[in-house]
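Beneath this line is the structure, given in structure tokens, with notes to follow.
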Amino acid sequence: MKKTLSEIAAFLGGDVSGDGGIVIERIRGIEEAGEGDMTFLANPKYRKNLETTGASAILVARDTTCEGKNLLLVDDPYRALGRLLALFYPEEEETAGIGEQVSIDAGADVSPEAVVYPGVHICRGARVEARAVLYPGVFIGRDAVIGEGSILYPHVTVYRRCLIGKRVILHAGVVVGSDGFGFAVPGRENQKIPQVGYVQIDDDVEIGANTTIDRGTLGRTWIQQGVKIDNLVQIAHNVVVGERSVIVAQVGISGSTQLGQGVIIGGQAGLVGHIRLGDHVMVAARSGIHKDIPPNQIVAGAPHKPHREWLKLEAALSKLPEMRETVAALQRRIAALEEKK
Amino acid sequence: MKKTLSEIAAFLGGDVSGDGGIVIERIRGIEEAGEGDMTFLANPKYRKNLETTGASAILVARDTTCEGKNLLLVDDPYRALGRLLALFYPEEEETAGIGEQVSIDAGADVSPEAVVYPGVHICRGARVEARAVLYPGVFIGRDAVIGEGSILYPHVTVYRRCLIGKRVILHAGVVVGSDGFGFAVPGRENQKIPQVGYVQIDDDVEIGANTTIDRGTLGRTWIQQGVKIDNLVQIAHNVVVGERSVIVAQVGISGSTQLGQGVIIGGQAGLVGHIRLGDHVMVAARSGIHKDIPPNQIVAGAPHKPHREWLKLEAALSKLPEMRETVAALQRRIAALEEKK
Amino acid sequence: MKKTLSEIAAFLGGDVSGDGGIVIERIRGIEEAGEGDMTFLANPKYRKNLETTGASAILVARDTTCEGKNLLLVDDPYRALGRLLALFYPEEEETAGIGEQVSIDAGADVSPEAVVYPGVHICRGARVEARAVLYPGVFIGRDAVIGEGSILYPHVTVYRRCLIGKRVILHAGVVVGSDGFGFAVPGRENQKIPQVGYVQIDDDVEIGANTTIDRGTLGRTWIQQGVKIDNLVQIAHNVVVGERSVIVAQVGISGSTQLGQGVIIGGQAGLVGHIRLGDHVMVAARSGIHKDIPPNQIVAGAPHKPHREWLKLEAALSKLPEMRETVAALQRRIAALEEKK
């Protein structure tokens, strides 16, 4: 694809500073970009590369200036990058149809407009809607539903009765609907609590590779509209993840915990069970969350605390060895004072 | 299924407080339950829902009272719930037989009473016993054994020579018998140590989705009878997990570490290699375990300490910024006293 | 296989102390070994087993002595063990050829010397080189390359355009090339940033079961020559892992972070994005890395600090409850002194 910088500016609703007639053929990173390439500056850490990049043009925030460079000024360069990549690198069209070596039980309902690769297995009672794409090795359990336009990459497993909405993306190895971890008298009897619920994933959700989402013990585990979950995340039985929440890699959320809308959980954090996080809570990476958090709070640490308190604690901690010496010195000085009496 | 509350009481060995003739058709959560539903109260956190639930009856602990509600009093409501769910929602029977598009090498021994779905691969020398269920995409390596009645969900991989006992449940994506992580002169030569051992999983074990269990370097990695392991857990080479131990999601156990019987490890904890945890040790979630622990201890923190010491440390930590100010004030007061001399 | 101790010594370049004529048939662990077995002592923790082992001979470090035992003295017993295991337990030869029920798109280029098991899917434009082994359920995306002699265990997924070098080992369930986690205006819009890059894995890399490696947003995620990665590790988009680095289980590395050569990262550690770790940096297990680290440093803790500082901090921390009492006592003593004025 070839576009002039001015054409791209019109597409993105941005303004050109420099030569609007220059032709862009590719999008590349700021260090690799050369002639014919557009690059972007979204993270201030890479500001120093702006002067030295060989790119023909750079997508930047509105307040940016750089002598002698062709800039495309937009409100949010990262957001604009997303739109630009979708323009330059459109998804390849998949050919609808059911491949060979596919195993579909009698009583499954697969749209002729779906794309079903070889090696897929669809159980009885399941429904696969139009334009859904099932890559090789996908397993759809009994009475499960895969909504319109959803993409299931290789080896995704959807257990019986789980419901996947429209335009959902499940990356390779995702497991939806495995049994929740419920055993009575643990460590002694380990009597299994049958997990008879299901998982409901609403529209426009994306879930990263090898992430696991357990079915409800009773009722549902619920991933609401627009949620984005990274790789290797564990979501336990009966968890609710509110609309548009974002969960980074290797997070673990224990049973029956509920997240509000737009919650953001940093990587490797862990949440105990049976708690509620309010809307737009932000949890720092590696935090350990042990109780409810009201809306709009930023928390960090394990056990977690408000972010400001955590900063104070970390500052005090870094001075702890020094403080230990101070206290020892104070003991000596007091002893000296006491002796003089 | 329909049962009166009295019939259920007889089945569970419990006592009715209220109308024993009421008919129960389903089991549901305490917030969703309505007419015809039985629910349960196992976690005191949900005590407030007892008055407001619309359920026809509630399974509760023996000391519970609630005016105007039909209660079923039992010793352990969670345990009773497990038995009740098994009664109301029995497992669907699988039809024995070997599906199409199954690939079984010559010299593999598969019971005609086993259930083998399409897309399964069984290597030479392997044995699959009666009533074992192999879902699509299961891989059984050379000379591996799958015992009677075990269920392997989609895409489980059992590497060569690994032994799976009877009534074992392996959830989707579990890997049994991958190479242990052994490299000589790490970071310089990374010379691979061949991993020539195996994994032995005893009867009645259940392992969660996408958990990985490495084969022994020499000899076995051993998961003993009745152990329950959650999702995304890492068990390294030559680890021994003692009978009926319980390991929560995302735990990592390093090479050659041994757990006694009935050990419980909370989520996201990590254990170094070559240590022993005694019987019935309990490890709090997110702990870092760096040395042996005697039987029956409860530990927490990273590095771990006895739970009481950990509580004291956490209490002191939460006061640290305050203490820092106290020490600064003490310094000023001592300086003032010293000046007066 | 049968070899005398002297023959083994010649093979390994070691020296015999004891009976060089004794015949060795197997290699076993120091606690299990008996007559005809060779064992090894690489970890000083097991020194006590040296006297009591029933092994016919023991592979030990050069400075070791043990009355009445047949010792094979070498510079590095663990490294020698690796060579010995490769001698006694050679890999089984795989028969070249393409199995039944394999699905290869027109326009894929698969060497007749490759080993392709049933249930493999290879997309158009992909290339599989000689002696590569693809186990059942492996998925090779469009235009991907699998180099000579690489082994992909069951259910490995290689997304489109990813490049796998020679002699690479990918264990079961590894995902290479899933989309990086990039969403603009997170928690509000979650607008997807298309991930149009790829993953490049160089020669002699080994990657553990169910590990996930995301493709670059633009350009590549790059795992360099000789790197060893354990199970359940998360490598985000555009990360670079330098030659011969070693990454232990359940580590997470965030986007665009770069590791130098020979870096060693302990289990469950987490690294933020956009930082650089110099050559031969060592990161302790469970550390949280938040900024650049110069070469050859050893760090620990979360947030991380140089290992010595971390030791001092941990020592001070363990005395914190005690120090709290000391400070309270100091307050009382100062108050008493002040009163006396």
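A short reminder: the numbers here are calculations on the coordinates, not readings from a lab. If you're wondering where the values come from, they're calculated on a predicted model, not measured in any experiment. Don't worry about glycine lacking a Cβ; one is built from the backbone with ideal geometry, like all the others, and counts go over all protein chains shown.
Quick notes on this structure:
- Copy-to-copy label separations for B:Asn49, where each label sits 7 Å from Cα toward Cβ, in nm and ascending: 4.9, 4.9
- Derived scalar couplings between HN and Hα for region C:302-314 equal 9, x, 6, 8, x, 4, 5, 4, 5, 4, 4, 5, 5 Hz in order, rounded to whole Hz, by the Karplus curve 6.51 cos²θ - 1.76 cosθ + 1.60 (θ = phi - 60°), x for Gly and Pro.
- Amide H to amide H distances under 5 Å link A:Val115 with A:Gly97, A:Arg131, A:Ala132, A:Val133, A:Leu134, where only residues 5 or more positions off or on other chains count and H is placed in the peptide plane.
- Neighbouring partner chain Cβ atoms per residue of A:321-330, average, 10 Å criterion: 6
- Remark: relative contact order (region B:3-88) = 29 percent; criterion is Cα-Cα distance under 8 angstrom and separation of 6 or more residues.
- Above-threshold pairs, the threshold being 20 Å between Cα atoms, out of A:Lys319/C:Lys319; A:Lys305/B:Lys319; B:Lys312/C:Lys291; A:Lys192/B:Lys166; A:Lys305/B:Lys305; A:Lys340/C:Lys340: B:Lys312/C:Lys291; A:Lys305/B:Lys305
- Summarising the amide proton neighbourhood of C:Leu59: residues at separation of 5 or more, or on other chains, whose placed amide H is nearer than 5 Å comprise C:Thr39, C:Phe40, C:Leu41, C:Leu72.
- Residue of B:Arg244, B:Arg160, B:Arg324 that the Gaussian network model of chain B assigns the largest fluctuation, springs spanning Cα pairs under 10 Å: B:Arg324
- Likely footprinting exposure, C:Thr64, A:Thr95, fewest C-beta neighbours within 10 Å first: A:Thr95, C:Thr64
- Farthest toward the positive end of the dipole of chain A, out of A:Ile265, A:Gly197, A:Leu311, is the Cα of A:Leu311, where the dipole comes from beta carbon charges about the Cα centre.
- Other residues with beta-carbon under 11 Å from the beta-carbon of B:Gly82 carry, at +1 per Lys or Arg and -1 per Asp or Glu, a net charge of +1.
- Prolate/oblate/rounded call for the protein assembly as shown, Cα gyration tensor, a/c under 1.5 rounded: rounded
- Converting phi to 3J(HN,Hα) with the Karplus coefficients 6.51, -1.76 and 1.60 and the offset θ = phi - 60°, region C:317-328 yields 4, 5, 9, 5, x, 5, 5, 4, 5, 4, 5, 4 Hz in sequence order, with x at every glycine or proline.
- If you take all other residues with their beta carbon under 11 Å from the beta carbon of B:Met1, and give Lys and Arg +1 and Asp and Glu -1, the sum is +1.
- Ranking of B:Leu12, C:Leu311 by neighbouring Cβ atoms within 10 Å, starting from the fewest: C:Leu311, B:Leu12.
- Working note: 222 nm ellipticity from helices only, DSSP H runs with n ≥ 4, each -39,500 (n - 2.57), summed and divided by the residues of the protein assembly as shown, gives -5000 deg cm²/dmol to the nearest 500.
- Couplings for region C:234-251, taken from phi via the Karplus curve 6.51 cos²θ - 1.76 cosθ + 1.60 with θ = phi - 60°, read 10, 10, 7, 4, 6, 5, 10, 10, x, 3, 6, 5, 10, 10, 7, 3, 6, 6 Hz in order; Gly and Pro are left as x.
- Residue-count net charge about B:Thr53 - beta-carbon cut-off 15 Å; Lys, Arg +1, Asp, Glu -1: 0
- Under 5 Å, built H, 5+ apart or other chain: amide partners of B:Ile24: B:Lys3, B:Thr4, B:Leu5
- Bins of 5 Å, starting at 0 and running to the largest distance - Cα pair percent for region B:149-189: 6, 20, 20, 20, 9, 9, 7, 6, 3, 0
- Mean separation of Cα contacts under 8 Å, 6 or more apart, over the residue count of chain A: relative contact order %: 6
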